[in-house]
Amino acid sequence: MRVLFIHTNIGKVLQMPMGMAYISSYLKSKGIETYLWDNTFETSNDLLDKVNEIDPDFILFGALSPDYEYACELARAIKDLTDVPLIIGGPHATFATAEVMADGIFDVAIRGDGEYALYNYITTRDPHSPGAWVRYNNVIYMNPMGTIPDVTKLPWPDHEMFRRHSDKVMAWDKAYKNVAMFITARGCPFKCTYCGCNNLHKLYEDQRVTRFRDINDVIDEIKTVTSTYHNDLVWLTDETFTMKKKRILDFCDKYKEQVGLPFAIETRADTVNEEILRALKDAGCVLLCMGIESGVDRIRNGIYKKNVSREKLVEAFLLAKKVGLTTSSFNICGGPTETAEDIRETIKLNQECKVDMGKMTIFNAFPGSELTEWCKGNGYYIRGNYPDNYYVDSNIKHDTLSIDELIGLRKEFVDSVGGFTGSEVEGIV
Ligand code: B12
Ligand code: SF4
């Protein structure tokens, strides 16, 4: 069997999409041939040529919500050419499944983690296949979720398929030009309302969504990949890398001994302490990214339910600096009820945390997050289409601030804190 993946990536972000990379290697391990058309590097003419040339049994689209319209456009062009079944997966298919099926363009929407659900569907074509919503004889079968993949048994993601994404000069340190990405765990257990993670837990009901890989297997993957592709930087893209202290200390020991390359992580301020930060630094960590989101408790912990205190944020960022790590913060502006003064408090908190650089994006209501539902229930106007660039646009109408005012406040942030202007390519920093 042959399948063709479509990486829609309207932002042309240089970052390996881990979900599709994992699915590709899982399918390969079952003897299925996988191919890729990647919008980052290829044209839509190349796509139609590829469809003709490969003659796949299924075409598999990966799309975040902003990519969905483009995915539909490509799907329509393919439909003019062939009647090969079109399958869509990823966050938009997971959290806006009913809308996707109602549009009538895709034959199947895979919900949640795709490895088992997709494999089961493409090998059985069963309209009752778990984790898939399937259009069959003009009826839509809305099947319940299947078994969540066991991350300790999955093959390593297909680094080869997405190797063009590793050639990237890091904006924060131009010495790094070739990054390799890894995930050591899946399914963040926290419940921030602007994020889709919480909803994934609801979708899988009683199954454990937070899953950890074996550290030895992670180290083997890092060693193999970085020696194959001669990477100069390792990016650990777990949502909350330092979730389990003992596991991370073990990782640091083994990484230092067996890999030794500079690495970057993303985590939460309330999961680090001095011991962890020192161990990270000692193992080669060069960049630590943590969310601040808002400088005002009412927004950060009330509206966003981040549940991290101002004191903890200051303590974690200053400790990180003390041990010699470069720090980067994530921030949101334009959340519901937020005022210009609130956003200036976010700037102040970043300054207090002495962050080396920060990223501030404008709040958008994407399907899957609790805050999107809250906005719907509280009379916010939510536009039908999603912005291509969340540095300069939002799909909600803010209570009091116009988009131009939000862009102006973002500029104040960039001018005072340093970091992303928004014109750089989105993705890892
Ligand atoms: C890393 C990341 C990124 C990366 C890479 C995204 C990518 N293409 O993979 C970058 C930094 C580029 C990114 C950007 C954005 N992101 Co982002 N990102 C994430 C993050 C933190 C982790 C994703 C990840 O790698 N997970 C691990 C892998 C293994 O899981 P996965 O990607 O979900 O894949 C599984 C399933 O989704 C499914 N699947 C995925 N693809 C496919 C394809 C097929 C064919 C099938 C069948 C199944 C399938 O199976 C996979 C394996 O089990 C998630 C949060 C999260 N916790 O998921 C947000 C998340 C995906 N991002 C989100 C958003 C909104 C964005 C932006 C659109 C924001 C914006 N700018 O407006 C931008 C897009 C930028 C642009 N200009 O286009 C939302 C998506 C919500 C939605 N409804 O679309 C999420 C869920 C966070 C949130 N806000 O809730 N993001
Ligand atoms: S900690 Fe990060 S990944 Fe986890 S729920 Fe909050 S925003 Fe989402």
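Across segment 28-43, the number of residues qualifying as surrounded by 20 or more Cβ atoms within 10 Å (Cβ to Cβ) and in contact with an Asp or Glu (Cβ under 8 Å, 6 or more places away or on another chain) comes to 2. Is it the case that segment 114-130 has a residue that's at negative phi, polar (S, T, N, Q) and crowded, with 22+ Cβ neighbours inside 10 Å? Among the residues of segment 114-130, at least one is at negative phi, polar (S, T, N, Q) and crowded, with 22+ Cβ neighbours inside 10 Å, which makes the answer yes.
Taking segment 215-246, which residues are surrounded by fewer than 17 Cβ atoms within 10 Å (Cβ to Cβ) and either part of a helix (DSSP H, G or I) or more than 16 Å from ligand 2 (Cβ to nearest atom) (or both)? Correct list: ASN216, ASP217, ASP220, LYS223, THR224, SER227, THR228, TYR229, HIS230, ASP232, LYS245, LYS246.
For segment 362-380, filtering for residues that are free of Cβ contacts under 8 Å to residues at least 40 places away in the same chain and within 16 Å of ligand 2 (Cβ to nearest atom) leaves 4. The residues listed here are MET20, MET16; of these, the one that is in a loop (DSSP other than H, G, I, E, B) and away from ligand 2 (no atom under 16 Å from the Cβ) is MET16. Restricting attention to segment 117-141, the residues that are aromatic (Phe, Trp, Tyr) and in contact with a helix residue (DSSP H, G or I) (Cβ under 8 Å, 6 or more places away or on another chain) add up to 2.
Just one residue in the set THR8, THR82, THR94 is buried (at least 22 other Cβ atoms within 10 Å of the Cβ), out of contact with any Asp or Glu (no Cβ under 7 Å at 6 or more places or on another chain) and of a type in the set (Ser, Thr, Tyr); that residue is THR94. Within segment 381-396, the presence of at least one residue that is free of Cβ contacts under 8 Å to residues at least 24 places away in the same chain and β-branched (Val, Ile, Thr) is confirmed.
Restricting attention to segment 371-380, does a residue exist that is assigned by TED's automatic domain parsing to the domain that holds THR337, in contact with a Ser or Thr (Cβ under 6 Å, 6 or more places away or on another chain), surrounded by 14 or more Cβ atoms within 10 Å (Cβ to Cβ) and modelled with pLDDT under 95? Within segment 371-380 (the criterion being assigned by TED's automatic domain parsing to the domain that holds THR337, in contact with a Ser or Thr (Cβ under 6 Å, 6 or more places away or on another chain), surrounded by 14 or more Cβ atoms within 10 Å (Cβ to Cβ) and modelled with pLDDT under 95), the answer is no, since none of the residues qualifies.
Could you give me the residue pairs with C-beta distances under 8 Å whose first residue belongs to segment 141-168 and is under 21 Å from GLY187 (Cα atoms), whose second residue is among the acidic types (Asp, Glu) and surrounded by 20 or more Cβ atoms within 10 Å (Cβ to Cβ) wherever it lies, and which are 6+ apart or on separate chains? Listed by first residue and then by second, the contacts come to ILE148/ASP113; PRO149/ASP113; PRO149/GLU115; LEU154/GLU115.
Only one of the numbered conditions (1) modelled with pLDDT of 95 or more; (2) touching a Leu at 6+ places or on another chain (Cβ under 9 Å) is violated by SER44, and that is (1). Residue count for segment 339-377, restricted to those that are in contact with a Phe, Trp or Tyr (Cβ under 8 Å, 6 or more places away or on another chain) and part of a loop (DSSP other than H, G, I, E, B): 11. Residue-level check: of (1) within 16 Å of ligand 2 (Cβ to nearest atom); (2) within 20 Å of LEU27 (Cα to Cα), ILE148 misses just (1). Only one of the numbered conditions (1) away from ligand 2 (no atom under 16 Å from the Cβ); (2) aliphatic (A, V, I, L, M); (3) more than 28 Å from GLY358 (Cβ to Cβ); (4) in contact with a helix residue (DSSP H, G or I) (Cβ under 6 Å, 6 or more places away or on another chain) is not met by VAL209, and that is (1). Only residues that are within 16 Å of ligand 1 (Cβ to nearest atom) and either surrounded by 21 or more Cβ atoms within 10 Å (Cβ to Cβ) or in a helix (DSSP H, G or I) (or both) were counted in segment 301-315, giving 3.
Condition test on LYS153, is it modelled with pLDDT under 95, more than 22 Å from HIS7 (Cα to Cα) and not in a helix (DSSP H, G or I)? No.
The values are calculated or read from the model by the stated rules, or taken from the named source; none is laboratory data. Since we're looking at a predicted model, the values are computed, not measured. Note that each Cβ is placed from the backbone with ideal geometry, even for glycine, and that neighbours are counted across all protein chains shown.
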